[in-house]
Each structure stands twice: as C-alpha cells, then as structure tokens.
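The values are calculated or read from the model by the stated rules, or taken from the named source; none is laboratory data. For clarity, every value in this text was computed on a predicted model and none was experimentally measured. As a convention, Cβ positions derive from the backbone with ideal geometry for all residues, glycine included, and neighbour counts pool all protein chains shown. Protein only, heavy atoms only, side chains kept; ligands, DNA and RNA dropped before computing areas. Shrake-Rupley method; radii C 1.70, N 1.55, O 1.52, S 1.80 Å.
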Amino acid sequence: VMVDMNGNFTGYMTDMTRTFSVGKVNDLAQTAHNCSIEICHQLADMAKPGVEAKALYNRAIEIVTDAGLEDYFMGHRQKAGFIGHGVGIEVNESPVIAPRSIDVLCEGNVIALEPKFVIPGVGAVGIENTYVVKLEGMECITKATEEIIALD
C-alpha cells in the first residue's frame, strides 16, 4: 500500500510518500523500491544551485535503465511525465523535474522527488521526500524511514 501525504507548517507544504506491506514483498517490488531510494539519494547529492531540472530527470532515467526497471517506472500503462516538483504555498510548484523542463535549481528551492514504480499484479512502490536545495546538495526534511514498512 502506497500512502502519499502532505504536511503544512505555517502555510508551507511538504510532500511525502511511504510504502507499507502485509506479508512478503515480491522480489521485483523490493528491487524497484530500493531503486527509488537510490534515485532520491543520488539526485539529492547532485542537485545544487545552477543544476538544470532536466539533468536530474535524465540521471533518474539512467539509474532506472541500468536496473532494468524502465517498464515499471512512473507507471505501467500510463506514465507520469515528471519525477519531482517544487513545493511551497502550493503542493505543486516550479521547478518541475521533467525531461523538457527549462527550470534551473536555485538555493532555497523546496523540491519533492517522487520516483515510483507500478508493477502489474503487485502494486506501487517507491518513496517521495521533500528537500531544500543547498549549496552542497539537497537536505531532506521528511525524516520517516524509507524502507517498506511491514504491517504484520
């Protein structure tokens, strides 16, 4: 079960997704979930002021392709055209992390990264974290565990 939730603190939004399981997690689903975590970590290190948003998207696609998971990335039949977005007063703002984005990251941008996978007959897996763009990379401000959370 994937849960996508928002938080609000003094009028500013956060966005976070976590995945929960009942019973044993399918091997493919676990691999895809781990890939989602890896994408977030690599992009958080890469994302600095001056980096083009589309470069983050392209790096995520490289990671997914290297893992052989492209058929499931960001949907199965219908795929989302982005893997992240700005967050602020609204839950969806610029910059947009997408292949044709013209956005460039700035210090202080708040961005939600949400690389997710949909596996037919199994369900959706992945995480979403909210980050603040800093000079040395992004700082994660959604601190919940990233692993699949067992409910049994």
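Key figures for this structure:
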{"item": "First in region 1-27 and farther than 19 Å from Ile148 by Cα, second anywhere and polar (S, T, N, Q) and surrounded by fewer than 16 Cβ atoms within 10 Å (Cβ to Cβ), Cβ under 8 Å, 6 or more apart", "result": "Met13/Asn6; Thr14/Asn6; Thr14/Asn8"}
{"item": "Condition check for Gly75: touching a Lys or Arg at 6+ places or on another chain (Cβ under 9 Å), under 15 Å from Val118 (Cβ atoms) and of a type outside the set (A, V, I, L, M, F, W, C)", "result": "yes"}
{"item": "Residue match in region 99-115 (condition: farther than 21 Å from Phe9 by Cβ, at pLDDT 95 or above and charged (D, E, K, R))", "result": "yes"}
{"item": "Total residues in region 104-138, condition under 14 Å from the mean Cα position of the chain (by Cα) and in a strand (DSSP E or B)", "result": "16"}
{"item": "Filtered residue count, region 45-93, keeping only those that are part of a helix (DSSP H, G or I), surrounded by fewer than 19 Cβ atoms within 10 Å (Cβ to Cβ) and in contact (Cβ under 8 Å) with a residue 40 or more places away in the chain", "result": "4"}
{"item": "Test result for Thr17, of a type in the set (S, T, N, Q) and crowded, with 17+ Cβ neighbours inside 10 Å", "result": "yes"}
{"item": "Output for region 115-133, where each listed residue is open to solvent by 40 Å² or more (accessible area, probe 1.4 Å) and either touching a His at 6+ places or on another chain (Cβ under 9 Å) or closer than 18 Å to Lys54 by Cα (or both)", "result": "Val118, Pro120"}
{"item": "Members of region 134-151 that are over 19 Å from Leu28 (Cβ atoms) and open to solvent by 40 Å² or more (accessible area, probe 1.4 Å)", "result": "Lys134, Leu135, Glu136, Glu139, Ile141, Lys143, Ala144, Thr145, Leu151"}
{"item": "Region 100-114 residues that are under 14 Å from Gly50 (Cβ atoms), paired with ones that are open to solvent by less than 40 Å² (accessible area, probe 1.4 Å) and part of a loop (DSSP other than H, G, I, E, B) (beta carbon under 6 Å, 6 or more apart)", "result": "Leu105/Ala47; Leu105/Val51"}
